[in-house]
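The structure appears right after this line, and notes come after that.
The values are calculated or read from the model by the stated rules, or taken from the named source; none is laboratory data. Since this is a predicted model, take the numbers as computed values, not measurements. Because the Cβ atoms are built from the backbone with ideal geometry, glycine has one as well, and the counts that use them run over all protein chains shown. Side chains included, ligands, DNA and RNA excluded: accessible areas come from the protein's heavy atoms. Shrake-Rupley method; radii C 1.70, N 1.55, O 1.52, S 1.80 Å.
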Amino acid sequence: MNAAKVTGYAKKPKKELIKAIDDCISLSQLFALIQHENITMQMHSQPGASNLAPKVLSAQEIIDKKDTPLERLKTEIKKSVLKSK
């Protein structure tokens, strides 16, 4: 089965792609970019991670550290892009 191609979309050079990832303000934008650019991600885990006590951060700490799920995902996607191209 052939994958459907998106018409009217030109893939971005790496520098523009990294900027586009940074500019995403929602998960839906980020996932659309991943889909259009055919970015492949692999899950990874840390051995013994389930034995670690969760770190509880206040809302202000999360904002200050940019430790939101969206920011963490952006970081992982940028790592994937930098490795693959």
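Within the range 51-68, can you find the residues that are open to solvent by 100 Å² or more (accessible area, probe 1.4 Å) and in a helix (DSSP H, G or I)?
The answer is Asn51, Gln60, Ile63, Asp64, Lys65.
Could you say which residue among Ser80, Ser28 is surrounded by fewer than 10 Cβ atoms within 10 Å (Cβ to Cβ), under 12 Å from the mean Cα position of the chain (by Cα) and not in a loop (DSSP other than H, G, I, E, B)?
Working: Ser80 fails: surrounded by fewer than 10 Cβ atoms within 10 Å (Cβ to Cβ).
Going through Ser80, Ser28 in turn, the sole match is Ser28.
Does the range 6-17 contain at least one residue that is modelled with pLDDT of 90 or more, under 14 Å from the mean Cα position of the chain (by Cα) and open to solvent by less than 70 Å² (accessible area, probe 1.4 Å)?
yes
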